[in-house]
Amino acid sequence: MAIYHLEAKVVSRGTGRSAVAAAAYMSCSQILNDYDGVQHDYTRKQGLVWQQIFLPEHAPAEWQDRSVLWNAVEENEKTKDSRLAREFVVALPIELKQPEWQELLTEFVQDQFVSDGMCADVCIHDTDGHNPHAHIMLTVRPLDEQGKWQYKTEKEYLCVRKGEERGFTSSEFKTAQADGWEKQYQYKVGKKKVYMPPSAAEAQGYERVSKYPKSTKYGRQNPISARWNSDEQLVLWREAWADTVNQSLERSGMEERIDHRSHAARGLDEQPTVHEGVIARAMERKGIVADRCELNRQIKADNVLLRELKSLVQKLMDAVKNTIPVIAEAMETVRQKMIIFRYHLLHIKSGKTQINNTLQVVQPDIKRYENIVKRLKVKVRERQVLLEEKKTIPAIHIFRHRELSQKIAALTEEIEELKSEKALLLNQVGCADDHGMAEVKQRVASMESSLEKLNQREKKYTAELDAALVQYAELQRQTTDIDTMELDMVCQAIRPNRERETVQQLQTAYGKRFDSGMLAQSGKDVAHMLDEAAEPVSIHQKLRQSYEQQNKRHPTKDYNQER
């Protein structure tokens, strides 16, 4: 079913990534990074379903070429830890088809990013039909009306005037200087270094020790970039994705909906992840015995029922074999126990079905998770080895350095892709992190153990039901010379008390999980096994049936005359 997943990342040189490598990886293409001369070739990568570049109004038309766009980004960023791009990984609803995914992504990207001045590179991945998702790479610098990159942050000088300190950018300082504001520089005052304006320092004859004016630590961020980088904007994007997906599902006639809010924000009492006990509580609500102690107590109660059955039947058969009340009592007792055994079997079948359904959903996800973790460890080790090798090779070996950089970049993108795939899978399972998945595995192991115990109990109850059926057949053989109508009437008189006892025993054994509908089905199944009439027979009908049996032996009698 449709799930909500939106993972936000930053492509930064500080983490060893490049925008060109990330774009080549998600588009399964080959792109040369002009910044460091590394060729990134991912043409053998599988899973690409659709790709598209979206540009705002003032962006150069040549940026429709992915290589040109991201090399322009790389060229404009100068520092070794520059933030190059923003990346979103979103889960696509499996209820929709590929054309609907494309329409959904186009609407979301155009409304939320392109209309706000970002360039967007979008690719859909779907390798196995179980995990359709999209990568959305976005530029982080705004564009001006001439299609040129704007600044992300601008130097801000801390200036003073009459004891007041205020920050100004280079363009603002020209006007501020005319109003008497001065930049501050470091001057040597005794053994200390003190910031002060040149006018005050010259009056005291202090010596300047630095040519750099006092400024804020991080500078002044571009207001557009500041909004894009804010937590509030991320919340709006997360909400917009949920709204866009839900609108698309509604247009397609689907009832499923997703929600970007946390369980707490939605007013739900349950915790959102499996490792808090969601699976266990769901099993309890559905009548599955999930606790080992409770399971053992149930087995002990069942054994008591079995011993009572065997003891009572043997006692009655040994005492008086051919009296109607005793045989009727024995038959109804055996019938009662058959209904109880049948109820246990239906309850076990229901529990097994629900456990198997859960395992069929969870086990493939666990296998995929384990495979991802294994691959991720291998890739991380490979990258570490290459990084260590690169450190030991002298800088003069340019080609070897470039070759290693290319391999490291490729591994870095593969690692990021695996991390995203793992995060998406954890979200699908309902886990917050790897610890949550570990608890899911424990739950699955517990369910598998419970399933094995249920199989053992099913075999036991099946054997006991078969044994009770044999005992009932033996009692029926003892009724050969007994008036069947009278025996049936005595059985019908005993049965209500037996039915009340059955309900009490099952309610005691199962508590809140007792199901009256399942008990009714058990009664029908036992009636079918014993070849009983589907509908109750009235006393008048029983008398007529008795007369017809006697009339076969005495053809001259008339039933209506006897009445």
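The values are calculated or read from the model by the stated rules, or taken from the named source; none is laboratory data. Worth saying up front: this structure is predicted, and the values here are computed from it rather than measured. So basically every Cβ, Gly included, is an ideal-geometry build from the backbone, and we count neighbours across all protein chains shown. Calculation scope for accessible area: heavy atoms of the full protein, side chains included, ligands and nucleic acids excluded. Shrake-Rupley method; radii C 1.70, N 1.55, O 1.52, S 1.80 Å.
Taken together, Ile94, Ile53 contain a single residue that is more than 17 Å from Ile415 (Cβ to Cβ), open to solvent by 60 Å² or more (accessible area, probe 1.4 Å) and outside any helix (DSSP H, G or I), which is Ile94.
Residues are listed down the side, and each one gets a yes or a no for (1) in contact with a Pro (Cβ under 6 Å, 6 or more places away or on another chain); (2) at pLDDT below 90; (3) open to solvent by 50 Å² or more (accessible area, probe 1.4 Å):
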{"position": "Gly436", "(1), (2), (3)": "no, yes, no"}
{"position": "Glu448", "(1), (2), (3)": "no, yes, yes"}
{"position": "Lys459", "(1), (2), (3)": "no, no, yes"}
{"position": "Ala473", "(1), (2), (3)": "no, yes, no"}
{"position": "Gln476", "(1), (2), (3)": "no, yes, yes"}
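Scanning region 1-30 for residues that are assigned to a loop (DSSP other than H, G, I, E, B) and among the aromatic types (Phe, Trp, Tyr) yields a count of 1.
For every residue, the table says whether it meets (1) within 22 Å of the chain's Cα centre (by Cα); (2) modelled with pLDDT under 90; (3) of a type outside the set (Val, Ile, Thr).
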{"position": "Val68", "(1), (2), (3)": "no, no, no"}
{"position": "Asp81", "(1), (2), (3)": "no, yes, yes"}
{"position": "Glu87", "(1), (2), (3)": "yes, no, yes"}
{"position": "Pro93", "(1), (2), (3)": "yes, no, yes"}
{"position": "Gln102", "(1), (2), (3)": "no, no, yes"}
{"position": "Gly117", "(1), (2), (3)": "no, no, yes"}
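Residues in region 218-240 include at least one that is at pLDDT below 85 and either within 21 Å of the chain's Cα centre (by Cα) or open to solvent by 90 Å² or more (accessible area, probe 1.4 Å) (or both).
For region 126-150, enumerate the residues that are in contact with a strand residue (DSSP E or B) (Cβ under 6 Å, 6 or more places away or on another chain) and assigned to a strand (DSSP E or B). Walk me through how you get there before you give the answer.
Taking region 126-150 as the starting set, the residues that turn out to be in contact with a strand residue (DSSP E or B) (Cβ under 6 Å, 6 or more places away or on another chain) are 126, 133-138, 140-141.
Matches in region 126-150: His133, Ala134, His135, Ile136, Met137, Leu138.
With respect to (1) surrounded by 22 or more Cβ atoms within 10 Å (Cβ to Cβ); (2) touching a Cys at 6+ places or on another chain (Cβ under 8 Å), the lone exception for Leu138 is condition (1).
The residues of region 395-421 that are farther than 15 Å from Arg383 by Cβ and surrounded by fewer than 19 Cβ atoms within 10 Å (Cβ to Cβ), listed by number, are Ala395, Ile396, His397, Ile398, Phe399, Arg400, His401, Arg402. Does region 91-111 contain any residue that is more than 28 Å from Leu249 (Cα to Cα) and in contact with a strand residue (DSSP E or B) (Cβ under 8 Å, 6 or more places away or on another chain)? Checked region 91-111: no residue is more than 28 Å from Leu249 (Cα to Cα) and in contact with a strand residue (DSSP E or B) (Cβ under 8 Å, 6 or more places away or on another chain). The condition (being touching a Gly at 6+ places or on another chain (Cβ under 7 Å) and either over 25 Å from Glu7 (Cα atoms) or assigned to a helix (DSSP H, G or I) (or both)) is satisfied by just one residue among Leu236, Leu249, Leu158: Leu158.
I'd like to know if region 407-427 contains one or more residues that are within 15 Å of Tyr25 (Cβ to Cβ), touching a Gly at 6+ places or on another chain (Cβ under 9 Å) and not β-branched (Val, Ile, Thr). Let's see the steps before the verdict.
Residues of region 407-427 within 15 Å of Tyr25 (Cβ to Cβ): 407-421.
Next, from what is left, pick out any that are touching a Gly at 6+ places or on another chain (Cβ under 9 Å): 408-409, 412.
Among the residues that remain, those that are also not β-branched (Val, Ile, Thr) are: 409.
Yes, some residue in region 407-427 is within 15 Å of Tyr25 (Cβ to Cβ), touching a Gly at 6+ places or on another chain (Cβ under 9 Å) and not β-branched (Val, Ile, Thr).
Applying a threshold of 7 Å to beta carbon distances and a minimum spacing of six or more residues, or different chains, the list of pairs starting in region 36-53 at a residue that is touching a residue at least 40 places away in the same chain (Cβ under 8 Å) and ending at one that is of a type in the set (D, E, K, R) and surrounded by 15 or more Cβ atoms within 10 Å (Cβ to Cβ) reads Gly47/Asp126; Val49/Asp126; Ile53/Arg66; Ile53/Asp121.
Here is a yes/no grid of residues against (1) assigned to a loop (DSSP other than H, G, I, E, B); (2) closer than 30 Å to Leu6 by Cβ; (3) among the charged types (D, E, K, R):
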residue: Ala432; (1), (2), (3): yes, yes, no
residue: Arg443; (1), (2), (3): no, yes, yes
residue: Glu448; (1), (2), (3): no, no, yes
residue: Glu452; (1), (2), (3): no, no, yes
residue: Tyr472; (1), (2), (3): no, no, no
residue: Val490; (1), (2), (3): no, no, no
residue: Gln507; (1), (2), (3): no, no, no
residue: Gly511; (1), (2), (3): no, no, no
residue: Gly523; (1), (2), (3): no, no, no
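Taking the conditions exactly as written (modelled with pLDDT of 90 or more, open to solvent by 10 Å² or more (accessible area, probe 1.4 Å) and not in a strand (DSSP E or B)), does Thr106 satisfy them or not? Spelling it out, Thr106 is indeed modelled with pLDDT of 90 or more, open to solvent by 10 Å² or more (accessible area, probe 1.4 Å) and not in a strand (DSSP E or B).
Out of Val245, Val274, one residue alone is of a type outside the set (Phe, Trp, Tyr), modelled with pLDDT of 90 or more and crowded, with 16+ Cβ neighbours inside 10 Å. It is Val245.
Scan region 56-66 for residues that are crowded, with 19+ Cβ neighbours inside 10 Å and either within 28 Å of the chain's Cα centre (by Cα) or not in a helix (DSSP H, G or I) (or both) and jot them down.
If we filter region 56-66 for residues that are crowded, with 19+ Cβ neighbours inside 10 Å, which is where we start, we get 56, 59, 63, 66.
Pro56, Ala59 - these are the residues of region 56-66 that are crowded, with 19+ Cβ neighbours inside 10 Å and either within 28 Å of the chain's Cα centre (by Cα) or not in a helix (DSSP H, G or I) (or both).
Considering (1) out of contact with any strand residue (DSSP E or B) (no Cβ under 7 Å at 6 or more places or on another chain); (2) within 30 Å of Val10 (Cα to Cα); (3) modelled with pLDDT under 90, the lone condition that Lys191 does not fulfil carries the number (2).
Could you please give the count of residues in region 33-50 that are of a type in the set (Val, Ile, Thr) and either open to solvent by 40 Å² or more (accessible area, probe 1.4 Å) or part of a loop (DSSP other than H, G, I, E, B) (or both)? Can you show your working first?
Within region 33-50, the first condition is being of a type in the set (Val, Ile, Thr), and the residues that meet it are 38, 43, 49.
Adding the requirement that they be either open to solvent by 40 Å² or more (accessible area, probe 1.4 Å) or part of a loop (DSSP other than H, G, I, E, B) (or both) leaves 43, 49.
So the answer is 2.
Scanning region 169-226 for residues that are of a type in the set (Val, Ile, Thr) and either without any contact (Cβ under 8 Å) to a residue 60 or more places away in the chain or farther than 30 Å from Asp116 by Cβ (or both) gives Thr169, Thr175, Val189, Val194, Val209. Of the residues in region 455-465, not one is in a helix (DSSP H, G or I) and farther than 30 Å from Arg342 by Cβ. Taking the numbered list (1) of a type in the set (A, V, I, L, M); (2) closer than 22 Å to Lys152 by Cβ; (3) open to solvent by less than 10 Å² (accessible area, probe 1.4 Å) in turn, Ala72 passes all entries but (3).
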